[in-house]
Amino acid sequence: MTATTVGRPLTIEEYAPLARARLPEATWHYFEGGAGTESTVEANRAAFRRVRIRPRVLSDVSHCDTSTTILGEPASAPLGVAPMAYHELACEEGEVATVRAAGELRVPTVVGIFASRSFERIAEHATGPVWLQLYWLHRRGVLERVVRRAEDAGFRALVLTVDTPRLGRRLREARHGFHLPPHITAPNLDGEVTGFLHEHEDGSSALSRHADAFIDPSLNWSDLDWLRSRTRLPIVLKGVLSAADAARAADLGVDALIVSNHGGRQLDGASATLDALPDVVRAVAGRCPVFLDGGVRGGTDVLKALAAGARAVFVGRPVLWGLAAAGEAGARDVLTLLRDELEDAMALAGCPSLDSLTPDLLDRGAAAVAPAASYDESPEGRR
Ligand SMILES: Cc1cc2nc3c(=O)[nH]c(=O)nc-3n(C[C@H](O)[C@H](O)[C@H](O)COP(=O)(O)O)c2cc1C
Ligand SMILES: CCCCCCC(=O)C(=O)O
């Protein structure tokens, strides 16, 4: 529920109305919207609401530690920023503000291939790990150059989005004729971004037309070899919901998976990520870490996802709300709220460490799908 805010927001959701008040209507709907009836957007939240916690007692929670490692790098909390295109839509500094905010908490930011700032400039300002999200572009030469640039700039991982052979039917974008203002561009794809992005057309989304021109829907399992042969960075697949796909990805040696339905923006009717997570964790059986995004709006959501087997969670829209409401400080506050709420939830659930977040903490519905094994990030555990 979104409450009315007086003074500094006390919850992440209180950032939403602040952001809305500062954004053009069409941009707000681009951020918030999902595909079709938006049933998957709602399902992500409903799953977090449905799963309840059975707190433990008498477990000495005088110190609760949220720190962890994510792909081997220290993080102050099991959190990260999900990839989102064009942060300049939310605030003038764009992705520079985001990486600075995330860096203060030592959590990773996944920078989108459609970032509105150059990789080099983003890396210059980053004090935490930055990963690069890729769409499978028709023009493989461009993709290769993008990977090389990100590696040279010091990015630490590649996140290949696999749920987007085309954009979902985002009706809000179409209704509001969403298009980018002329000053916002994709500097990492210089020369590759066509005018579609800036063209208003009634009843259609400029992004969707753009995606159709750029994203190659023929992406398949054999293409992972191509990517592997072009990079030394860890490869993360984003957008996996099925156990069979997860097992296949782990067989192929991917370095991590993100259980994601793209925040309900792709297939309307896709499973909620919290519901899909335990099957994926079980299928992967400890061979790589499993992350989750979609609908995470508070510390108890993080706790539930971790108890159900996620190594860390990524946050999308709330970071844009923070950026739109108060720039870098807003994004930092959103992430800080999430970390502080997680620490609070751990104390009240009787869990002083992240390791103690196990499936039996959740009501029977979720506990019934307990993961077989979780991923071991210790040097011995990592392959
Ligand atoms: C405005 C917006 C832009 C996004 N752009 C991308 C993108 O470029 N690449 C991608 O893989 N996912 C993209 N996503 C999906 C997010 O990475 C993430 O999966 C989703 O937002 C998580 O759900 P949440 O917003 O409920 O936290 C975008 C999401 C939003 C809201
Ligand atoms: C070709 C531009 C596509 C940007 C898509 C961004 C995105 O994934 C989203 O959900 O929006």
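The values are calculated or read from the model by the stated rules, or taken from the named source; none is laboratory data. Since the model is a prediction, treat every value here as computed from it, not as a measurement. All Cβ positions, glycine included, derive from the backbone under ideal geometry; neighbour counts span all protein chains shown. The area values use the complete protein model at the heavy-atom level, side chains included, leaving out ligands, DNA and RNA. Shrake-Rupley method; radii C 1.70, N 1.55, O 1.52, S 1.80 Å.
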>> Can you list residues from other chains, or at least 5 along the same chain, whose modelled amide H is less than 5 Å from the amide H of ARG265?
In response: ALA35
> Taking the highest mean first, how do the peptides 20-30, 292-302 order by number of other beta carbon atoms within 10 angstrom per residue?
Replying inline: 292-302, 20-30
> Taking only C-alpha pairs under 8 Å that are 6+ residues apart, what is the relative contact order of the stretch 12-364 in percent?
Replying inline: 27 percent
>> Using Cα springs under 10 Å in a Gaussian network model of the chain, which residue among VAL319, VAL142, VAL130 shows the largest mean-square fluctuation?
In response: VAL142
> According to a simple spin-label model (label point 7 Å from Cα along Cα-to-Cβ), what is the distance in nm between TRP221 and ALA285?
Replying inline: 1.6 nm
> Carbon and sulfur atoms: what percent of the 1.4 Å accessible area of the stretch 91-230 do they account for?
Replying inline: 48 percent
>> Can you tell me the length gained on complete extension of the stretch THR37 to ALA21, counting 0.36 nm per residue apart and subtracting the Cα distance?
In response: 3.3 nm
> What nm value, rounded to one decimal, do you get for the distance between ALA213 and ARG140 when each label is placed 7 Å out toward the C-beta?
Replying inline: 2.3 nm
> By how many nm would the segment from ALA347 to ASP152 lengthen if fully extended, with 0.36 nm per residue of separation less the alpha-carbon distance?
Replying inline: 66.0 nm
>> Using a 7 Å offset from the Cα along the Cα-to-Cβ direction at both ALA244 and THR69, what is the distance between the two label points in nm, to one decimal?
In response: 3.5 nm
> When the helices in the chain are scored as -39500 (n - 2.57) per DSSP H run of 4 or longer and the sum is shared across all residues, what 222 nm value do you end up with, to the nearest 500 deg cm²/dmol?
Replying inline: -11500 deg cm²/dmol
> Given a 1.4 Å probe, how much area per residue of the chain is accessible, in Å²?
Replying inline: 40 Å²
> Using only Cα atoms, what Kirkwood radius does the chain have, in angstroms?
Replying inline: 20.7 Å
